[in-house]
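Reviewing the structure listed below.
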Amino acid sequence: MITKQLSGIERELVLQYLIDGNVPVTLTVLEDTKEINLNKDRIQSLTSQVFPVAIKAEHVNVKENGEIELENPPSSAKDFAGKTVKVEFYYNRVGLFFTSEVKQKNENLILLIPAVINRIADIVEETQYNFSALIYFECKTTKDLNLKCIPTDGIELFERPVWKLIPLENQKKAKELLEKYVNEAKIEKNIGNGLQLIPVCHYLTNAEQVKMEAMENRVKPLNVLYVDHERIVFGFDYTTHNFVLNDEYGIKLVFSLKKGPIVSRDIYVTAQVNKLYKSEDERKMCVDFKYTTLQEEDLRFLYEKATKNLFI
């Protein structure tokens, strides 16, 4: 069993690793419980809330005595002076962290690496979803795949997407993307009713918090953004998958049924990459799959579930 706290020898190896090559770190202010209780009735601005702040490697200077100097830190971290922070980083892909008080030194910030360095806990969440999918086969190469796909937070599948699901602060950028995609569709004529564009714009403009994990670059499930009787749309980190326009895949759609003797319904389809969408910073991507084969009874089921109308 792996212990959470590093041994003395392990700590020395990590310290030397930090000294030898500047490593990016993430800082999160540890909230003062007393201060929270005193201010619980006061409305706080977004900037006062606790969010992790990523510090690039070129701003991190680790000295032989275990002192970390953050040179020219980002504005979001400049008010960390005098506060205790959680410092997270990766060592050979293993997530580690320690806590330290931040001190001001001219324009820079100073941290001391303490005696205790811990591993980030490996938390595996097992969640039962009403719907999930599996991209299990690449038709062109006849290659077996096992790409899990789960619903994404903030999007209700099989409900008509509405613009208000996009946070107000993202709507300007989302509107620009929507107009771009609609103009492209007028030429390509490949978006059907176009309802999938709202969750696509929501996903691509929604900034995600930096989250350090027990293992770096662990493959994550794709996010299911939209499903109906014609298509299914996924979102994912740009660097994790490489889908090519017009390539065809085998996909299994899995529905958990709450009523009746059968606990689930699996629908097998083949689907073609119909359209690819990329975020402005090229960190996230969406792939629109259009079904190429679908059994009539499955078409009926998906149509009625997505539209709330009878299939006639």
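For the reader, a short list of remarks on this structure follows.
- Members of K186/K278; K164/K258; K143/K290; K189/K220; K148/K186; K175/K308 lying beyond 24 Å, as alpha-carbon distances in this model show: K164/K258; K189/K220; K148/K186; K175/K308
- Solvent-accessible surface of protein heavy atoms, probed at 1.4 angstrom with all chains present, puts M215, M285 in the order M215, M285, largest first.
- Beta-bridge orientation, the chain: approximately 95 percent antiparallel, per DSSP, counting only bridges with both partners inside.
- Area projected by the alpha carbon convex hull of segment 162-312, averaged over all directions, nm²: 11.4 nm²
- Values of log10 I(q)/I(0), in the order q = 0.16 Å⁻¹, for segment 233-312 under a Debye, Cα-only, solvent-free model: -0.75
- Share of pairwise Cα-Cα distances greater than 31 Å in the chain is 47 percent (whole percent).
- Positive minus negative residues near L178 (Lys, Arg vs Asp, Glu; Cβ under 12 Å): +1
- Share of Cα-Cα pairs in segment 91-141 lying beyond 16 Å, as whole percent: 71 percent
The values are calculated or read from the model by the stated rules, or taken from the named source; none is laboratory data. Everything numeric here is computed off the predicted structure, so don't read it as measured data. All Cβ positions, glycine included, derive from the backbone under ideal geometry; neighbour counts span all protein chains shown. Note: accessible area is taken over every heavy atom of the protein model, side chains too, but ligands, DNA and RNA are not part of it. Shrake-Rupley method; radii C 1.70, N 1.55, O 1.52, S 1.80 Å.
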